[in-house]
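Data first, discussion second: the structure below is written as structure tokens.
What follows is calculated from the coordinates using simple rules that are stated; it is not laboratory data. As the structure is a computational prediction, the values presented were derived from the model and not from experiment. Cβ sites come from the backbone with ideal geometry, for glycine too, and all protein chains shown count toward neighbours.
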Amino acid sequence: LAKTTQPISMDSYEGQEVNITCSHNNIATNDYITWYQQFPSQGPRFIIQGYKTKVTNEVASLFIPADRKSSTLSLPRVSLSDTAVYYCLVGESGGYNKLIFGAGTRLAVHP
Amino acid sequence: NAGVTQTPKFQVLKTGQSMTLQCAQDMNHEYMSWYRQDPGMGLRLIHYSVGAGITDQGEVPNGYNVSRSTTEDFPLRLLSAAPSQTSVYFCASSSGTLQETQYFGPGTRLLVL
């Protein structure tokens, strides 16, 4: 199983761009990279998913270099409501999608 | 669509009691799973199912049983509750491949005294 490493916590201010990097050195060829967001007392919520290069949606962008050994979640112009825990997951190749959640990155956005 | 629903929202048990946490989804998803989340930690996979009649163990299966008799429901049974099982339990579902989004329920907060 591909293991991921993320910073434990980050601080930012409203209006700033936040970049959270995830390391996954032993990612497999068929693995996708997925990011989830979790607010207190709620289940995780899907943010974005990618395989290589760059993916963008209405919430975030995901940058994946050619070697795919890391990925960066970019949140543009964060607000207080973006305060949450962000999880980087790398999918197990071989058919069954047993997602392995690490401790995640606790992002605190300040006024 | 209600999505993924879980009941109860909160439960207090005494050590040794048994109970079933309910999970249901109305999206016709093949894949369902149960996670537990302890304070300040990520989610750990307990059991998962890739379809009706098929279940398998995750990272922390001891003390829990599951069954999948229908596509919609995936109950989690605690056979003899222990204080170490105090946690928040999340159920999730997806259409079946990693590339598909996992949808999580609101969670069940369990306290074992």
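Observations on the model:
- Compared with the direct C-alpha span, the chain from B:ARG109 to B:THR5 gains 36.1 nm at full extension, assuming 0.36 nm per residue.
- Put simply, the amide H of B:GLY58, placed in the peptide plane, has neighbours under 5 Å in B:HIS47, B:TYR48, leaving out anything fewer than 5 places away on its chain.
- Scattering from the protein assembly as shown was approximated by placing one identical point on each alpha carbon and applying the Debye formula without solvent; log10 I(q)/I(0) at 0.09, 0.13, 0.16, 0.17 1/Å stands at -0.37, -0.76, -1.10, -1.21.
- Between A:VAL18 and A:LEU75, A:ARG77, A:VAL78, the built amide H atoms are under 5 Å apart, and every one of these is 5 or more places off in sequence or on another chain.
- Alpha carbon Rg of chain A, scaled by the compact-globule rule 2.2 N^0.38 Å: 1.02
- Average beta carbon contacts from partner chains per residue of B:102-112, 10 Å cutoff: 3
- Cβ screening of the protein assembly as shown for cysteine pairs under 4.7 Å finds a partner for every cysteine.
- Ranked list, fewest to most other Cβ atoms within 10 Å of each Cβ, for A:ARG77, A:ARG68, B:ARG44: A:ARG77, B:ARG44, A:ARG68
- Available extension along the chain between A:ARG77 and A:TYR13 is 22.2 nm, counting 0.36 nm per residue and deducting the alpha carbon span.
- Nearest-20 debye value, the protein assembly as shown charge dipole, Cβ charges on Lys, Arg, Asp, Glu: 400 debye
- Among B:ALA52, B:TYR103, B:GLY63 the positive-end extreme of the charge dipole of region B:1-110 (Cβ point charges): B:GLY63
- Projected label points at B:LYS14 and A:ASN30, each 7 Å from Cα along the beta carbon direction, are separated by 5.0 nanometres.
- Inter-label distance for B:SER67 and A:SER41, nm, one decimal - labels placed 7 Å from Cα along Cα-to-Cβ: 3.4 nm
- Hydrodynamic radius by Kirkwood, which averages 1/r over all alpha carbon pairs of region A:1-51, in angstrom: 13.1 Å
- Here region B:52-108 is treated as a sphere whose radius is the Kirkwood value from Cα pairs; by Stokes-Einstein at 10 °C and 1.306 mPa s it diffuses with a coefficient of 122 µm²/s.
- Computed lengthening from A:ASP67 to A:ALA103, 0.36 nm per intervening residue step minus Cα-Cα distance: 10.6 nm
- Sorting the Cα pairs of region B:1-102 by distance into bins of 5 Å, from 0 upward, gives 3, 13, 24, 26, 19, 10, 4, 1, 0 percent per bin.
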